[in-house]
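See structure below.
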Amino acid sequence: MELLPRSPGEFGSARYWDRFFRQRGQRPFEWYGAFPELCPVLHKYVRPRDKVLVVGCGNSELSEQMYDVGMCEDIVNIDISDAVIRQMQERSGSTRPKMSYLLMDMLHMDFPDAHFQVVLDKGTLDALLTDEEETTLAKVDQMFAEISRVLQVGGRYLCVSLAQAHVLKKAVEYFSQEGWVVRIHQVASNEDKQQFVLPVFVYVMTKFRKIPGSAPQILEICPEEQDKPLRMESAERLVAAVKDRQHYALLCSQISKTPCREQVSLDLCDKESGKPRYTLHVVDSPLVKPSRDNHFAIFIIPQGRETEWLFGAEEGRKQLAASAGFRRLLTVALHREQHYESVGSIQAELSEKVMELAPPGLPPRQQVPFLSVGGDIGVRTVRHCDTSPLSGEYVVEDVKGDGSFYFRRLVFLRNRNVVQSEARLLPPTPLQGQKKRRKDKKKPSPTEPPGAIDKSYLCCEHHKAMVAGLCLLGGPDALPGELAVLVVGLGGGSLPLFVHDYFSQARVAVVEIDPSMLKVATHWFGFSQDDRMQVHISDGLDYVAKLAAEGTISQSIPAQYDAIMFDVDSKDLTVGMSCPPPAFVEKPFLQKVKSILKPEGVFVLNLVCRDAQLKESVLATLRDIFPLLYARRIEGEVNEILFCQPSPEGRRDPAELGVRARALEGALRQPGRPWDSSYVLADMLQAVHIL
């Protein structure tokens, strides 16, 4: 402890360093970055004939090792400590005649201008820039100015650093503003001998003549696993990229020593584009009994299935890890913008990286299995990509589900792990397959594209529950006669399509704020309009308010509805409620909804709210407006379907609801009309409870 300074400012004091090196003696002192680790980077920027200046050399062996391996011999080392300069002259004077050690302050150097091709700094900037006080920053500016002065144009300033945020920011901003090329290398570490948890970086600042005006800055980073630099668009983004790598190193260090109390998530990016290629979740199962072979496994989630509860939800991944029987399971989700060949190619790509996330106690040379569903990576085909001014970027994609069926999905990329709309696809007919084979003149592919939309199948459990809620409508008949239904929120159109097709006398009005979604639903999800199905491009708030204010607008738009269904998402992801937007559950608006609902009608709301306090507030408001309120939670999801009725006289117990549900299902199941056998209306209402 006697070697440490009393204050950070002493790192710039010659007296401190004299005392430090006298007490330490002849033992070389290396802050960080051993020569074998630094050598690959130094070889790129130091040539044998270069004249090299090492500032703040201390008694590090770096210069001696560079000299001894023949990297460079014309090396001048300077330091403010007289004790260490004399020590190093004695140590190297006779064995390395072309290398010199001089007592000199790097803030006031005696060398002529443009005297060196390389200036090398190993930890000196880190030692000097201990804070952001005005006097400290002035010293750093002087240091940089002197380095710039003694370097030739085209020369390189190589700074070995731990890249603390304020140090990196200062260096990058200074030299980029001077018109230099800035490149940051992450040094590959030797884990067995690594002294610091944080990785070591080398700043490579290449001197160019400053061009008057606003010349574009060249800012790059070279991660340790690749040679090709990635171009960064700004100094802020470069600093953030370094910070990301530091966080990753800290994470690896922490989870290699102790089990994770909470699931850890991180992205691995593509080397070329810098875009996310894999999303990893580290899931520990401490209750799994340890054995030699169950420490660690990697699970590759098939493409397109990352949104399923088992893979996309925290509780689902816990269940997956427990059933797999490993103490640590690393799930790997594949991104739709990337291309993947096979499980084997993914394993080859990830094998080295995932071992950085291995659990404590993993036996040496332990074989780590790669697992998947069915042994493949699944099938995902992007059918359409576009951008909507209201919904942002979105994709329509076909994915292979668990089994032989394909599904078409609409995904908003602002929330890429949530399926906005989904429809099952029918298998291609034999005639379609024959035409395709004749056209392609080859055997059919196992991933042959599917056929049309299966309109009889509701993919979303909350849609099934919303349709089952129509059992609450009054009247003696199981199947209501003429129905007026208002649906707010189109998406892919599955919900209004099902109501239209199976309730043959229903007149369905759909309100959708985004015209792009109507095009998507029509072109990609089999949606169509007719005299019983009309879409109105409008804000749902405005449309309901107008109906409430004007009453009957036309014969096709009734003053009151038998059923009103809200399935509309919020564009604001900062609110704890993603469906519906908060304005749709404010009291004045809900009163307008009630005013256009028949006394015996039902208002069905898809509520997705993670904020418990906000949810309770919404329920209290609904109870104020609607005397009768039923709720149905969707298992494995956040969704809760609320059935609201304006009259308490329509109250029914679960047994009566079951009877009405079975009767309605029987009426809907007409001969010749397809029906999904797994869809049992009575099951949808079994878990309904009155709030």
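The values are calculated or read from the model by the stated rules, or taken from the named source; none is laboratory data. Everything numeric here is computed off the predicted structure, so don't read it as measured data. Here the Cβ is made from the backbone with ideal geometry for all residues, glycine too, and neighbour counts use every protein chain on show. Please note that ligands, DNA and RNA were not included when accessible areas were found on the heavy atoms of the full protein model with its side chains. Shrake-Rupley method; radii C 1.70, N 1.55, O 1.52, S 1.80 Å.
Here is how the numbers come out for the structure above:
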item: Computed magnitude of the charge dipole of the chain (debye, nearest 20; Cβ of K, R +1, Cβ of D, E -1); result: 1580
item: Over the stretch 276-374: Kirkwood hydrodynamic radius from C-alpha pairwise inverse distances, Å; result: 13.8
item: Estimated 222 nm signal from helices in the chain, with DSSP H stretches of n ≥ 4 weighted -39500 (n - 2.57), rounded to 500; result: -9500 deg cm²/dmol
item: Per residue accessible area in Å² of the chain, where ligands, DNA and RNA are left out and the probe is 1.4 Å; result: 48
item: J(HN,Hα) series, the stretch 632-644, from Karplus relation 6.51 cos²θ - 1.76 cosθ + 1.60, nearest Hz, glycine and proline x; result: 9, 6, 9, 4, x, 9, 7, 4, 9, 8, 10, 10, 10
item: Placed amide H near Gly155: partners under 5 Å, 5+ positions off or other chain; result: Lys207
item: Given charges at beta-carbon only (K, R positive; D, E negative), |dipole| of the stretch 318-433 in Debye; result: 360
item: Of all accessible heavy-atom area on the stretch 115-183, the percent that carbon and sulfur account for (1.4 Å); result: 45
item: Unit charges at the beta carbon, dipole of the chain: most positive-side option, Met355, Pro212, Met109; result: Met355
item: Distance cut-off 40 Å, percentage of C-alpha pairs in the chain lying past it; result: 51
item: Lys, Arg +1 and Asp, Glu -1 on Cβ, resulting dipole of the stretch 258-371 about Cα centre, debye, nearest 20; result: 400
item: Taking the stretch 460-690 and dividing mean pair separation by its residue count, relative contact order in percent (alpha carbons under 8 Å, at least six apart); result: 22
item: Note, ³J(HN,Hα) from phi for the stretch 361-375, Karplus 6.51, -1.76, 1.60, rounded to Hz, x at Gly and Pro; result: x, 5, x, x, 6, 5, 6, 9, x, 9, 10, 7, 7, x, x
item: Distant-in-sequence amide H partners of Ala114 (H built 1.01 Å from N, under 5 Å); result: Val150, Leu151
item: Carbon plus sulfur fraction of accessible area for the stretch 246-337, probe 1.4 Å, in percent; result: 52
item: Percent carbon-and-sulfur accessible area, the stretch 362-432, ignoring ligands, DNA and RNA, probe 1.4 Å; result: 52
item: Long pairs among Lys318/Lys353; Lys169/Lys243; Lys587/Lys615; Lys51/Lys207; Lys455/Lys594; Lys44/Lys169, criterion Cα-Cα beyond 20 Å; result: Lys318/Lys353; Lys455/Lys594; Lys44/Lys169
item: Options Gly672, Ala545, Val411, ranked by Cα towards positive dipole end of the chain, top entry (Cβ charges); result: Gly672
item: Beta bridges by DSSP in the chain, antiparallel share as percent, to the nearest 5; result: 55
item: Pairwise label distance in nanometres, Ser647 with Thr135, each label 7 Å out on the Cα-Cβ vector; result: 8.5
item: Charge-dipole axis of the chain as Lys and Arg at +1 and Asp and Glu at -1 on Cβ define it, positive-most pick from Ala661, Met577, Pro389; result: Ala661
item: Nonlocal amide H pairs with Phe296, under 5 Å, H built at 1.01 Å; result: Arg327, Arg328
item: 32 Å tail of the calculated P(r), the stretch 460-690, as % of Cα pairs; result: 13
